[in-house]
Amino acid sequence: MPTDYYTELHDVETKGQRAFLCDSLPFPCSSLRNKVSQLILIILVFLLGFQTLFAQEVDFSGYVKELGQVSVNNDFDTVRYDNILHHRIESDWTLSQNFEFRADLRTRLLSGYTVNNSPGLKQFYEQDPNYFDLSWVWFKTDRLLMHSNIDRMHLSYINGPWEVHAGRQRVNWGRTFAWNPNDLFNNYAFLDFDYEERPGVDALTAQYNWSYASSAEAGLRLGSSWNETVLAAMVRTSWGNYDIQIVGGHYLDNVTIGSGWAGYLGDAGFKGEVSYFHPEEQFFENAGHFTATTGIDYMLSNGLYLQGELLYNGGYTQQGNPLNTLVQPPSADNLFVARSGFLFNGSYQIHPLVNGNISFMGSFDQSIFIAIPQVSISVTEDIDFLLLSQLLKGTVFREAVPTPNLFFFRLKWSY
């Protein structure tokens, strides 16, 4: 994630998701979490060292990325530089005909202005927002910070129409592009462009597919209490030219029900999601709210791809730092830093090896406007180069971001 956003990390509090049975344990839950996390790491190292004993087939892949960021203020008299050297390794293990195991490790070496000027940076990266503590800082100096975390590690059982996954995984229930009120397990931050895989969550999920377009899925995300737990189910089916889904269950301290769709209006793609959240405590005294998003995408005859998306963020509450929702995964019931949002996006293949893209994000009820132009170049089959800017405008950012004009360059080698 771009490091300039963390200039005030010592004010950020990260709420971890822990097992909700912790309150009943006769010993400190943190001790149990640490021991379990250490055991997981030992098992992972053991499997890596003796892979031929356990796996019929092991596939490794990954990449190395160099991401530089220059941020300047509106008067262009303050310039800051940050840098991230990023390595990711992904592994898929075929253990038997029905069992698979996946483990992915990302490691980043951070340097620059943010590392030099953020007293709470080490504590921020050491906190894992999931149940298992699989995030750690190797070292922190005045100029460097090296951090690793395991964002995928789950065992999968696949047998015909059944799929069961246990461990850190990506549970994607969203249908739209930027905002996902149906994605109850792990939403993502749209501005975090450098995290293509998106974060995972410690969960148990089970899915039954009775046809190509129809399935039922249930999942449990662990939390330290019932109010930090997600227990939900989803049913998907097709109706005419549309794929329809219905979701519902317990989401943190709310009961929720919602629906999503994806289909076509003529030649244009038409997608949307809507969810209703109602507080469980004092159920009949408190009122709930809706959060909804809808979008259209269309490909012109000249190859220009256009997208538009609208958001009604019924759960909006004003926060001390408006950037928290933009640069960290938001909650499904409060997806933006305003009650309304819009996104317009255009993409064009300038050359077989060059793609141009520009996005505009903003709000109808807050002074927010973000322009995101970018150009990506395929240098070779394994090497890509990206130029991207995030220009944050409006009164919402005026006090919160001292250098709101962000310019990135990234070189990525995949293997």
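The values are calculated or read from the model by the stated rules, or taken from the named source; none is laboratory data. The structure presented is a predicted model; accordingly, all values stated were derived computationally and were not measured. All Cβ positions, even for glycine, are placed from backbone atoms using ideal geometry, and neighbour counts span all protein chains on display. We work out accessible area using only protein heavy atoms, side chains counted, and drop any ligands, DNA or RNA first. Shrake-Rupley method; radii C 1.70, N 1.55, O 1.52, S 1.80 Å.
For this structure, a couple of remarks:
- What the Cβ-Cβ distance of residue 267 and residue 382 gives, at R0 = 41 Å and to the nearest 0.05, is a FRET efficiency of 0.70.
- If R0 equals 22 Å, the separation of the Cβ atoms of residue 364 and residue 319 corresponds to a calculated FRET efficiency of about 0.70.
- Theoretical FRET efficiency, 1/(1+(r/R0)^6), r = Cβ-Cβ of residue 94 and residue 166, R0 25 Å, to 0.05: 0.90
- Region 92-183, accessible surface, carbon-and-sulfur percent (1.4 angstrom probe): 55 percent
- Counting heavy atoms of the protein chains alone, residue 276 has an accessible area of about 60 Å² for a 1.4 Å probe.
- Counting only protein heavy atoms and a 1.4 Å probe, region 164-285 has 43 square angstrom of accessible area per residue.
- Reach of residue 122 by Cα under 14 Å, taken over aspartates and glutamates that are not fewer than 8 positions away in the same chain: 8, 11, 13, 142
- Our estimate of slack between residue 56 and residue 139, defined as 0.36 nm per intervening residue step minus the Cα-Cα distance, is 26.2 nm.
- Cα centre as origin, Lys/Arg/Asp/Glu Cβ charges: the chain dipole, Debye: 340 debye
- Within the straight-line cut-off of under 16 Å between alpha carbons, the aspartates and glutamates reachable from residue 65 are 82, 90, 104, 192, 194, 196, 197, 381, 382, 384, sequence neighbours fewer than 8 places apart in one chain being disregarded.
- For the chain, calculated [θ]222 nm from helices alone, where every DSSP H run of n ≥ 4 adds -39500 (n - 2.57): -2500 deg cm²/dmol
- Under the shape rule built on the C-alpha gyration tensor, where the axes satisfy a ≥ b ≥ c, region 325-415 is prolate, since a/c reaches at least 1.5 and a/b is greater than b/c.
- For the chain, DSSP calls about 100 percent of its internal beta bridges antiparallel.
- Three-way shape label, the chain, alpha-carbon gyration tensor, a/c 1.5: rounded
- Paramagnetic label zone (point 7 Å from Cα along Cα-to-C-beta, residue 74; backbone N under 20 Å) in region 346-385: 360-373
- Student exercise, region 306-411 dipole from Lys, Arg, Asp, Glu Cβ charges, in Debye to nearest 20: 320 debye
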